[in-house]
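> Input: one structure, supplied below.
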Amino acid sequence: MTKQSNDPNGKLMMSRRGMLLSGATLLAGSLAASLCPSLSLAAADAGAQSRFMQLSNLLINHQLNPDVGNRIAEAATGQYKNFAGMLDAIIAIAEKKNAAQVEDFFADIPEGELKDFANWVIFAWYSGCSSDKRDAKVFTYEEALTFKTTSDVVTIPSYGISGPNLWTRPNVPLSVPVPRF
Amino acid sequence: MVTKNSADVVIVGTGVVGVVIAEQLLDAGHSVLMVEAGPRVSRAEVVENWRNAPLGVKGDTSVAYPPRPWAPHPTGAEKGDDAYLQFTGPDAYDQTFIRYAGGSTWHWAGTSWRLTPEDMRINSLYGVGRDWAFDYDTLEPYYVRTEHKLGICGPSDRTKQWPQTGDRSAPYPMPDLPFSPGEVRFTEVVKTLGYNNIPVSQARNSGMPYDGRPACCANNNCVPVCPVAAKYDAETALHRLEKKGATILVDAVVYKVETNAQNKIEAVSYYDQHKESHRITGKLFVLACNGLENPKLLLMSKDDRNPNGVANSSDQVGRNMMDHPARSFTVTTKDPYWSGIGPVVNSGIMETSQGAFRSEHAGAYFRYNNFARNRFVTFAALKKGLVGKALDEEIRRMTACTADIVAAHEILADPNNRLTLSDKKDWLGLPKPSIHYDVGDYVRKCWEVYSQPIGKKIAEAMGATDVKISPKFNNSKHIMGGTIMGKDAGNSVVDVDCRAHDHENLFIPGGGAMAAGACGNSTITMVALAIKAGDAMVEQMRGA
């Protein structure tokens, strides 16, 4: 990728717990920004990005890279007029259910604009793109979550995970669980 | 002496055909000037282009190789009048090739099946198509030289080699690559049906470096680019050619082949990217810009002595366009196959391409595509509306339990399958190629009575719970015909050395010369013909 993530080894990736907790801190920060007009617009954007990561960590039960999240959030800001409102609405639904994972609250998101947005956020993280079309925005290739689901078996094309002629192995049954990521 | 406007040997095109000939002539002490329509780029740039492309279009190789305005080539984004290739006839000749230094081996799979002795005598044996102008034994030494030049690995076990008929005069320079788990399972399954899925001979370094390039490490990205150059592509040879004295011009679009009063080739002219014209003279000329661009250039170059186009007194230039029409079976299986471990094509069933049935219908070659499946299944899995653990497991299941089986068919040389010059123009104002193409009854009958039933049996034996068959014939991107070879100058364009019948100092080697293409990928045969032509050119230069 031209836009390299800062942390291919995941050191900067935030844990779900850490992300959810920091979301509250940053929410307070963005509240402060709204009370202090002298604070820069960038700070408010950082707040929205943080809020987006909070939502993402509710919708996806995995560790997520904030750099990728920032790119998705930036695209979402232009794509969805009610971006901030939808973030708040879905987070509120999750909080009302005391959700620890997406399965706890996803069915409670009403069909329509909110559900479509939630599905798009999941789509963006798993495919690394804004759509399946030719003109899609690309948020990441190698960190698209689709590849994480199979990382114990197949390489991400163009990246080698083997050595010369060292890929002979038993076929992995479906009973082997999805890798933790 | 070579300059930017003169050399002993002028080669139009920098793909594999031009590159191997250039090296033969350089090694024989002759000056060589190569002219490439498109740009010269680094491998890193190509890899970055591909990685930065959206997941939904990664199957379109042109995303890794965006065409320059002056050197258009087919892209998935352009349709209809905007497309570079214009189509007439019932089927689209929808090829993929690139106009970049290094040519289309940048994105080939590396698959290197030889023709069989029978493939080259299809008319004598089966009463269809055209025989080659020489036999397999004549071509065999050039196959060996190709295998060693490109670094083609293959099995030492004779029972696993292709072809089974005909002799091999030398072993492969490297052993065959190991099968992935999916290929092992596929091989076991088709064996129960009586079919042998054998290791493909492929231009990929197996277990060792070769020719200054590293061993394959299963990046599973042979198409559209090997990121480490473990797969041969002609770009890897360009620096070596320059060290040997070659001059390589890029962004130089040859638009005219000029004849003199003796009807020998005197010069070629090209436009640079600023639309300025330049002229290059030489003693021998090679057109090595693929089976589409070669006939286009010849037709564009018509003059008073050659009113149908250069090298076209036979009216065969642009005719007999061939490919390997393909149908795919996308199977969903109960048990995992896990495509995507190892190179993208690593085995095949070739024996189904041979038999007495060829008097009635085509043969077909079946292959298990070993591309990692994530990009093929992710969108479908996401559309199911799953989340969390269920989504993860569904993507994993679909990646493991889907596979593409491809049947590639033999097409006959048919003069009605023809490239002409379109009235549509490209950026330089040059005519776009227009191709009338019909896969023909020979192929269609095969599909109805032979290849489709076999494909369905294979799918069933694989334990398929769902099979989706492509609705039409797709192109295999194996451009053949167009400047067909023969001994009779009245019905062919080039002689047995790929020398134009009409012009003693013009060579047109490569896939265009193939009189019959059988079912296997054409590049190894193109290169064998190029080496044979190179020998003839060296010999001809001795008398110059």
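> From A:Ile91, A:Ile156, grab the single residue that is more than 30 Å from B:Cys216 (Cβ to Cβ), among the β-branched types (Val, Ile, Thr) and more than 7 Å from chain B (Cβ to nearest Cβ). Full working, then the answer.
Values: A:Ile156 fails: more than 30 Å from B:Cys216 (Cβ to Cβ).
On inspection, the qualifying residue turns out to be A:Ile91.
> Scan segment A:52-63 and report the pairs whose first residue is closer than 13 Å to A:Ala99 by Cα and within 13 Å of chain B (Cβ to nearest Cβ) and whose second residue is among the aromatic types (Phe, Trp, Tyr) and open to solvent by 10 Å² or more (accessible area, probe 1.4 Å), with Cβ atoms within less than 8 Å and a gap of 6+ or a chain change.
Cβ pairs passing all conditions: A:Leu59/A:Phe106.
> Moving to a separate point now. For B:Asp91, indicate whether it is more than 29 Å from B:Gln273 (Cβ to Cβ), touching a residue at least 40 places away in the same chain (Cβ under 8 Å) and surrounded by fewer than 24 Cβ atoms within 10 Å (Cβ to Cβ). Step through it out loud before you land on a result.
Values: more than 29 Å from B:Gln273 (Cβ to Cβ): yes; touching a residue at least 40 places away in the same chain (Cβ under 8 Å): yes; surrounded by fewer than 24 Cβ atoms within 10 Å (Cβ to Cβ): yes.
Yes; evaluated as a whole, the condition is true for this residue.
> Then there's this: From B:Gly38, B:Gly29, B:Gly59, B:Gly76, grab the single residue that is surrounded by fewer than 22 Cβ atoms within 10 Å (Cβ to Cβ), in contact (Cβ under 8 Å) with a residue 40 or more places away in the chain and in a loop (DSSP other than H, G, I, E, B).
Numbers: B:Gly38 fails: surrounded by fewer than 22 Cβ atoms within 10 Å (Cβ to Cβ); B:Gly29 fails: in contact (Cβ under 8 Å) with a residue 40 or more places away in the chain; B:Gly76 fails: in contact (Cβ under 8 Å) with a residue 40 or more places away in the chain.
One residue alone meets the criteria, B:Gly59.
> What number of residues within segment A:143-153 satisfy the criterion of being more than 7 Å from every other protein chain (Cβ to nearest Cβ) and in contact with a Pro (Cβ under 8 Å, 6 or more places away or on another chain)?
Residues flagged as more than 7 Å from every other protein chain (Cβ to nearest Cβ) and in contact with a Pro (Cβ under 8 Å, 6 or more places away or on another chain) within segment A:143-153 amount to 3.
> Follow-up. Is one or more of the residues making up segment B:433-445 in a loop (DSSP other than H, G, I, E, B) and surrounded by fewer than 24 Cβ atoms within 10 Å (Cβ to Cβ)? Even if it seems obvious, please write down each step before you answer.
Applying the first criterion (in a loop (DSSP other than H, G, I, E, B)) to segment B:433-445 yields B:437-440.
Add one more test, that the residue is surrounded by fewer than 24 Cβ atoms within 10 Å (Cβ to Cβ), and what stays is B:438, B:440.
For segment B:433-445, residues in a loop (DSSP other than H, G, I, E, B) and surrounded by fewer than 24 Cβ atoms within 10 Å (Cβ to Cβ): present.
> Report the residue count in segment A:103-117 for those that are under 29 Å from B:Ala53 (Cβ atoms) and either touching a helix residue (DSSP H, G or I) at 6+ places or on another chain (Cβ under 6 Å) or outside any helix (DSSP H, G or I) (or both).
1
> Ok, one more. Does B:Pro175 satisfy the condition of being free of Cβ contacts under 8 Å to residues at least 24 places away in the same chain, within 14 Å of chain A (Cβ to nearest Cβ) and open to solvent by 20 Å² or more (accessible area, probe 1.4 Å)?
On the way: free of Cβ contacts under 8 Å to residues at least 24 places away in the same chain: no; within 14 Å of chain A (Cβ to nearest Cβ): yes; open to solvent by 20 Å² or more (accessible area, probe 1.4 Å): yes.
Taking the combined requirement at face value, the residue does not satisfy it.
> Which of the residues that make up segment B:366-389 are facing chain A (nearest Cβ under 8 Å), farther than 21 Å from A:Lys133 by Cα and of a type in the set (A, V, I, L, M, F, W, C)?
Across segment B:366-389, the qualifying residue is only B:Val387.
> Would you check if there is a residue in segment B:401-408 being within 14 Å of another protein chain (Cβ to nearest Cβ), modelled with pLDDT of 95 or more, farther than 30 Å from B:Trp70 by Cβ and assigned to a strand (DSSP E or B)? Even if it seems obvious, please write down each step before you answer.
Step one: list which residues in segment B:401-408 are within 14 Å of another protein chain (Cβ to nearest Cβ), which gives B:401-403.
If we keep only those that are modelled with pLDDT of 95 or more as well, we get B:401-403.
Still in the list and also farther than 30 Å from B:Trp70 by Cβ: B:401-403.
Adding the requirement that they be assigned to a strand (DSSP E or B) leaves B:402-403.
Yes, that holds for at least one residue.
> Could you please let me know if B:Gly482 is of a type outside the set (Val, Ile, Thr) and in contact with a Gly (Cβ under 7 Å, 6 or more places away or on another chain)? Can you show your working first?
On the way: of a type outside the set (Val, Ile, Thr): yes; in contact with a Gly (Cβ under 7 Å, 6 or more places away or on another chain): yes.
The answer is yes for B:Gly482.
> Of all the residues that make up segment A:92-142, how many are open to solvent by less than 20 Å² (accessible area, probe 1.4 Å) and either touching a Ser or Thr at 6+ places or on another chain (Cβ under 7 Å) or closer than 17 Å to B:Asn374 by Cβ (or both)?
The number of residues fulfilling the criteria is 12.
> Taking interchain pairs and intrachain pairs at least six residues apart, which have beta carbon atoms under 6 angstrom, with the first residue in segment A:86-102 and in contact (Cβ under 8 Å) with a residue 40 or more places away in the chain and the second hydrophobic (A, V, I, L, M, F, W, C)?
The qualifying pairs are A:Ile91/A:Leu55; A:Ala99/A:Phe105; A:Val102/A:Leu59; A:Val102/B:Val387.
> Going by the conditions given, is B:Ala356 more than 14 Å from every other protein chain (Cβ to nearest Cβ), touching a Phe, Trp or Tyr at 6+ places or on another chain (Cβ under 7 Å) and of a type in the set (A, V, I, L, M, F, W, C)? Working first, answer last.
Working: more than 14 Å from every other protein chain (Cβ to nearest Cβ): yes; touching a Phe, Trp or Tyr at 6+ places or on another chain (Cβ under 7 Å): no; of a type in the set (A, V, I, L, M, F, W, C): yes.
No.
> In segment A:127-142, which residues are at the interface with chain B (Cβ under 7 Å from one of its Cβ atoms), of a type in the set (Ser, Thr, Tyr) and under 16 Å from B:Leu382 (Cβ atoms)?
A:Ser127
> Could you pull out the residue among B:Val496, B:Val467 that is open to solvent by 30 Å² or more (accessible area, probe 1.4 Å), in contact with a helix residue (DSSP H, G or I) (Cβ under 7 Å, 6 or more places away or on another chain) and not in a helix (DSSP H, G or I)?
Values: B:Val496 fails: in contact with a helix residue (DSSP H, G or I) (Cβ under 7 Å, 6 or more places away or on another chain).
Of B:Val496, B:Val467, the one residue that is open to solvent by 30 Å² or more (accessible area, probe 1.4 Å), in contact with a helix residue (DSSP H, G or I) (Cβ under 7 Å, 6 or more places away or on another chain) and not in a helix (DSSP H, G or I) is B:Val467.
> Can you tell me how many residues in segment B:521-539 are open to solvent by 10 Å² or more (accessible area, probe 1.4 Å) and in a loop (DSSP other than H, G, I, E, B)?
Count: 1.
> Determine which single condition A:Ile72 fails, assuming it passes every other condition in (1) away from every other protein chain (no Cβ under 11 Å); (2) open to solvent by 40 Å² or more (accessible area, probe 1.4 Å); (3) under 27 Å from B:Arg397 (Cα atoms).
Just one mismatch for A:Ile72, condition (2).
> Suppose the filter is away from every other protein chain (no Cβ under 14 Å), more than 25 Å from the chain's Cα centre (by Cα) and part of a loop (DSSP other than H, G, I, E, B); does B:Leu412 pass it? Before you say what the answer is, go through the steps one by one.
Values: away from every other protein chain (no Cβ under 14 Å): yes; more than 25 Å from the chain's Cα centre (by Cα): no; part of a loop (DSSP other than H, G, I, E, B): yes.
No; evaluated as a whole, the condition is false for this residue.
The values are calculated or read from the model by the stated rules, or taken from the named source; none is laboratory data. Note that the structure is predicted; figures quoted are calculated from it, not measured. In this analysis, Cβ positions are derived from the backbone assuming ideal geometry, glycine residues included, and neighbour counts consider all displayed protein chains. Heavy atoms of the whole protein, side chains included, go into the accessibility calculation; ligands, DNA and RNA do not. Shrake-Rupley method; radii C 1.70, N 1.55, O 1.52, S 1.80 Å.
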